[in-house]
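The structure under discussion appears below in the form of C-alpha cells.
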Amino acid sequence: MSLRLQQIRALIVQRKMLVMLALGFSSGLPFVLVDDAFRAWMGRVGLDLRTIGWLGLVTLPYSVKFVWSPVVDRFVPPFLGRRRGWVALMQMMLVVTLLAIALLMSLYQGSPPGERASWLSGLAIALGVAAFFSATQDIVIDAYRSDVLLERETGMGVGIWVTGYRVALIVAGVVGFNLADSWGWAWVYVVLALGLGTMVVAAWLAPEESAVAAIPPTLDQAVVAPLRELWQRFGPQKLGRVMAFVVLYRLGDAMVSKMAVPFLQQLQFEDGEIGTIRQGLGLGATLVGTLAGGVALSQLGISRSLWVFGWLQALSNLSYGVLAIAGKNYFLFIVAINIENFCSGLGTAGFLGYLMGLCHPSFSATQYALLSSLFALGRDVLGSPLAGELAVRSPGGWVGFFGITTLLALPGLALLPWVIGIKPGTESPPQESRPNSQ
C-alpha cells in the first residue's frame, strides 16, 4: 500500500513539474515579443533611436504590476478556479493581442509614409496591452507556484519554472530572429502567438491548488502594512537611500540592454545572427554568470559581492565600445556578448540577493514585489528613454554611449557604503505573519 502511495505521489510531482516547465515558457515568450523582438522590428523598419528608446515604455506594466495584483487575488474567474482560470484567460487574451500586433505591423509596413504614425500609435498601444496581460499572467503564476508546491518541492519547482522561461527566451530569440530574416516579423508574431496558445493546455491540466491562500480581508493588510513596516524599520532617510540604490545600481547595464539590438543592427548584423549569438550564446553566458554569482555570493557575502559584481557589470559595457570601434566583427561580437551577459548575470545574482535580504520574513512576498518593481520602474521609465536620447546625443556616437553607460554605474556604487549594512529588523512586525499556504 505504501509503495502504491509513493508511486501516486511521484506521478503528481512529475505532473506539477511539467506544468511548471510549461508555465515558465508561457511567462517568457510574451516578454521577448514585447521587448527585444519589438525593438528589432523597429530597427528593421527604420525608426530612429530616440523613437525606439521612448517606445520601450510599452513594457511599463511589468514595472507596476503590483498595483493591480490585489484585484487578481480577490476575484475568481468562472472557470478552472482562482489561479488556473486567470492563467488560461490571460493566455487567450495574449494570443488575440499578439495576432493583432502582427496585423498592425503588416499595415504599418504596407501603408504610405504619411499614414504610418497612426498605425505606429496603435501598435504601441497593442504592445502595452500585451505587456499588461503578460504581467498579469506572471502575477498569477507566481501565486500558483506558492499555492501548489509543497515545501520540499519548492526548489525543484522554481528551478524548472526558470528553465521553461529560459527555453522561451531561446525559442523567441534564436528561432524568432532567424525566421524574421526570411518571413518578416509579422509572421514571426503569428507563429509564436499560436505556439503560446498551446500553453492553455497546461492551465487546463495543471493540478488544482491543494490549499489556497486566504484573500486579504482588508486593503490595509494587503498593501499598507508591508509599506508601513519598511518605513518604520528604515526611516525616511535610509529608505530613500535604499530606493535610490535599487534604481541606480543596474541602470547603466539596463540601458545597454535596451539599445543592444539597434546597435547591432546598425553594425549590419542580420536579425538571425543577432538572435543566434545574442539570444542563444548570450543567454547561456547569462545563466553561467548567474550560477557563478550565486556560488560567489555564498563565499563573499552580499557586501563584497555587490562591490565586485558592480564594477565588473560596469566595465563589461566597454566590451561593446570595443565592438563599436572595430565595426562588424564576428569574433568581437561573440566576445562582447559573452562578457557583457556573464557580468550581467553576476550582477543579477548579487542584486537579487540584496533585495531578498531587505525583506522582512512576514512580508517577504509583497516587499520583494515592491522593491523589484521599483528596479523595473527605473529600468523601463528612466532607462529606456534615456538610452534612446543618449544614443542620439552622445559625443562620439556609440563609443561615447557605452562610455557614458559605464560611468552611470558610479552613482549606484557610491551609495553602496550607505546601504549594504541595512537589514531587516528582528522586532515583531505590526501585523501577524502570513500563514503558510501549505
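The values are calculated or read from the model by the stated rules, or taken from the named source; none is laboratory data. Bear in mind the structure is a predicted one, so any value in this text is a computation, not a measurement. Please note: Cβ atoms are built from the backbone with ideal geometry, for glycine as well, and neighbour counts cover all protein chains shown.
Listing for the model above:
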quantity: Leu80 in contact with a helix residue (DSSP H, G or I) (Cβ under 7 Å, 6 or more places away or on another chain), assigned by TED's automatic domain parsing to the domain that holds Val191 and either in a loop (DSSP other than H, G, I, E, B) or modelled with pLDDT of 90 or more (or both); calculated: yes
quantity: Evaluation of Thr218 against (1) β-branched (Val, Ile, Thr); (2) modelled with pLDDT under 75; (3) in contact with a helix residue (DSSP H, G or I) (Cβ under 6 Å, 6 or more places away or on another chain) (one fails), failing number; calculated: (3)
quantity: Condition check for Val76: closer than 26 Å to Asp142 by Cβ, in contact with a Lys or Arg (Cβ under 6 Å, 6 or more places away or on another chain) and without any contact (Cβ under 8 Å) to a residue 40 or more places away in the chain; calculated: yes
quantity: Qualifying residue in the stretch 138-156 (condition: under 18 Å from the mean Cα position of the chain (by Cα), more than 19 Å from Gly85 (Cα to Cα) and at pLDDT 75 or above); calculated: no
quantity: Search result, residues across the stretch 180-199 that are part of a helix (DSSP H, G or I) and free of Cβ contacts under 8 Å to residues at least 40 places away in the same chain; calculated: Ser182, Trp183, Val191
quantity: Verdict on Ile160 being under 30 Å from Phe401 (Cβ atoms), surrounded by 14 or more Cβ atoms within 10 Å (Cβ to Cβ) and modelled with pLDDT of 70 or more; calculated: no
quantity: Every pair of residues 6+ apart whose Cβ atoms lie under 6 Å, when the first sits in the stretch 90-103 and is more than 21 Å from Ala40 (Cα to Cα) and assigned by TED's automatic domain parsing to the domain that holds Trp41 while the second is at pLDDT 90 or above and part of a helix (DSSP H, G or I); calculated: Met90/Phe133; Met93/Phe133
quantity: Residue in the stretch 375-398 that is modelled with pLDDT of 75 or more, on the phi > 0 side of the Ramachandran plot and in a helix (DSSP H, G or I) present; calculated: yes
quantity: Filter result (assigned to a helix (DSSP H, G or I) and surrounded by fewer than 17 Cβ atoms within 10 Å (Cβ to Cβ)) within the stretch 67-77; calculated: Val67, Pro70, Val71, Arg74
quantity: Members of the stretch 344-353 that are over 15 Å from the mean Cα position of the chain (by Cα) and either modelled with pLDDT of 85 or more or surrounded by fewer than 24 Cβ atoms within 10 Å (Cβ to Cβ) (or both); calculated: Gly353
